[in-house]
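Asker: Got a structure for you, written out below as structure tokens; questions coming shortly.
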Amino acid sequence: MPDWKPTTCIKSLHKRAAVFASIRQYFSEQEVLEVDTAVLSQCAVSDPFIDSLEVSFRGYPEAEAETCYLQTSPEYAMKRLLAAGSGSIYQLGKVFRNGEEGRFHNPEFTMLEWYRLGLDDNALMDDVERLVQLVLDIGPIRRCTYNDIFKEKLGLDLQKSSTAQLAEAMHKHVEIDMSLDDRDAWLNLLMSHLIEPMLKDESVFITDYPASQSALARIKEGEDGELVAARFELFVGGMELANGYHELTDSQEQQRRLSADQQTRKLLKLPQRPLEQRLVAALASGLPDCAGVALGVDRLVMLALNASHIEEVIPFTFRNA
């Protein structure tokens, strides 16, 4: 194929445009405000497992360069809008993540993120399901807790399984040279390498993640009385499609989590980047009770078109842009 041509076909571009239109119509009918926050920021995401793309800014050609970062998600900026009184909002736009390239990944991709005031994670799943069903021909989406999906797919009860037993379960299926005494690392490997491929023929919300994997979600009491994250992920056809939370509103806890992320970055010898303290200030001023979710739009279009690679649904990939 000539290198000037797009990676997708024109028919797929029409479908992509129709998906965008359906999303905007849905939120318009729900009276959720569309916003458009900055892509470029002086601060970076704190998550040690998401790497920001750096950009050098100069006020004039000879000026000393100032390091800025392309947004990996509009979350921080959108929460500042929520604290300022925006009401329920959504954003459909480009985000960027370093080191993410492959069948389901492009360093530049389209994310849909939205926040609904007064909803918790359970009510937000209903909202996600309604929107996804506008695009995909799927029935009701089942819900399964994180612990139950491990029981169902791997026969592991996480309340009774030690870290060593998790590592052993992983080694039975995949040869991996790791001696980490990090429970979440093994859980993440088991989920990505073993469980996710087993979900290829179904649609499922996985709920009640371990409290240690709460990210920016609240902590709540789970079905068995243990503390869990008020967080869910949606998988359709074995593909992770969305990640949602009942949002954390405690500014002191937010500061603690940002600092903990920075410490983890230090231990992993990752760059120490500026933390978004304006997010902490926004929470301190009063973030309304809300639930929020991020959804990968390119993946949604892939599912709608039964595409096997992200290059089939975006005009130009990183390699030919």
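Asker: Is it true that Asp289 is touching a helix residue (DSSP H, G or I) at 6+ places or on another chain (Cβ under 9 Å), farther than 27 Å from Phe104 by Cα and among the charged types (D, E, K, R)?
Answerer: No: the conditions fail for Asp289.
Asker: Okay, moving on. Restricting attention to the range 56-78, which residues are within 19 Å of Ala282 (Cα to Cα) and in contact with a Cys (Cβ under 9 Å, 6 or more places away or on another chain)?
Answerer: Tyr76
Asker: Go through Thr8, Thr37, Thr72 for me and flag whichever is of a type outside the set (Lys, Arg), within 19 Å of Gly296 (Cα to Cα), crowded, with 19+ Cβ neighbours inside 10 Å and touching a helix residue (DSSP H, G or I) at 6+ places or on another chain (Cβ under 8 Å).
Answerer: Thr8
Asker: For Ile149, state whether it is surrounded by 20 or more Cβ atoms within 10 Å (Cβ to Cβ) and farther than 27 Å from Asn306 by Cα.
Answerer: no
Asker: Let me ask something else about it. All but one of (1) aliphatic (A, V, I, L, M); (2) loosely packed, with under 14 Cβ neighbours inside 10 Å; (3) modelled with pLDDT of 95 or more hold for Met1; state the number of the condition that does not hold.
Answerer: Looking at each condition in turn, Met1 falls short on (3).
Asker: Suppose we filter Asn106, Asn147 for residues that are on the phi < 0 side of the Ramachandran plot, in contact (Cβ under 8 Å) with a residue 40 or more places away in the chain and in a helix (DSSP H, G or I); which single one remains?
Answerer: Answer to the selection: Asn147.
Asker: Moving on to the next point. Which is of a type outside the set (Ser, Thr, Tyr), within 30 Å of Gly85 (Cβ to Cβ) and touching a His at 6+ places or on another chain (Cβ under 8 Å), of Ala242, Ala230, Ala260, Ala281?
Answerer: Checking each option against the conditions leaves just Ala230.
Asker: Follow-up question, since we're still on this one. Go through (1) within 30 Å of Glu221 (Cα to Cα); (2) touching a residue at least 40 places away in the same chain (Cβ under 8 Å) for Asp126 and report which single condition fails.
Answerer: All conditions pass for Asp126, except number (2).
Asker: Can you give me the ranges of the helices (runs of 4 or more DSSP H) entirely in the range 163-279 with at least 1 residues that are closer than 24 Å to Leu295 by Cβ?
Answerer: 183-190, 251-267
Asker: Hey, another quick one. Take Ser86 and tell me if it is small (Gly, Ala, Ser) and either in a loop (DSSP other than H, G, I, E, B) or surrounded by 17 or more Cβ atoms within 10 Å (Cβ to Cβ) (or both).
Answerer: Answer is yes for this residue.
Asker: With (1) surrounded by 19 or more Cβ atoms within 10 Å (Cβ to Cβ); (2) at pLDDT 95 or above as the list, and Leu158 as the residue in question, which single condition is left unmet?
Answerer: The failed condition is (2).
Asker: Name the single residue, out of those in the range 175-213 being hydroxyl-bearing (Ser, Thr, Tyr) and touching a residue at least 40 places away in the same chain (Cβ under 8 Å), that is farthest from Arg142 (Cα to Cα).
Answerer: Step by step, filter the range 175-213, then rank; the result is Tyr209.
The values are calculated or read from the model by the stated rules, or taken from the named source; none is laboratory data. Just so it is clear, the structure is predicted and the values come from calculations on it, not from any experiment. Neighbour counts run over all protein chains shown; Cβ positions are idealised from the backbone, glycine included.
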